[in-house]
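A short worksheet on the structure shown next.
Every number here is computed from the coordinates shown, using simple stated rules; none is lab data. Remember, it's a predicted structure, so these values are computed and weren't measured experimentally. In this analysis, Cβ positions are derived from the backbone assuming ideal geometry, glycine residues included, and neighbour counts consider all displayed protein chains.
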Amino acid sequence: MHSVQEQFRAYLAKHKLKVTRQRKTILDAFLSSPSHLSAEELYIRLRKKHPNIGYATVYRTMKLLAESGIAAERHFGDRQTRYEANTGEEHHYHLICEQCARIVEFEDTQIDLLLQKAASAHNYTLSHRRLEIYGQCPACQKK
């Protein structure tokens, strides 16, 4: 199996785009960052060590990572596109705090079974699933 770096290089070559140092830096920073970052949040993390990388470059590179299948775009109702690495892991779901925008991932086999049962009851073949639950995280409940 190919590494993520090789996958990105192949995608860029296929689309006649250059593999630049800035794109490599952004890819590495994305892969080593916590999940669900926006392009702006990634830019803020990067600019300390790499002041020569502009916001537009980060934004365009994140779009390329999504197009290549390395990253998945997520929208959690805060008008920002957030990115999460496509790791090929099993299904997971999201708890999203409506006050501070904290996102917690979790897995639940009971939910998986319920969704499969619902799909079967309507003669659907399940291809993928997404569940987002909104509320208040423990820290915001204490405020």
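Overview of results
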item: Additional length obtainable on full extension of the chain from GLU40 to ARG60, 0.36 nm per residue less Cα span; result: 6.1 nm
item: In nm, spacing of pseudo-spin labels at LEU114 and LEU95 (7 Å Cα→C-beta vector); result: 1.5
item: The chain: calculated mean residue ellipticity at 222 nm from DSSP helix runs of at least 4, using -39500 (n - 2.57); result: -13000 deg cm²/dmol
item: Cα principal axis extents for the range 5-54, largest first, Å; result: 30, 24, 14
item: Computed over the range 57-107, Cα set: Rg, Dmax in Å; result: 12.1, 34
item: Per-residue HN-Hα couplings for the range 17-22 [Karplus 6.51, -1.76, 1.60; θ = phi - 60°; Hz; x = Gly/Pro]; result: 10, 7, 8, 9, 4, 5
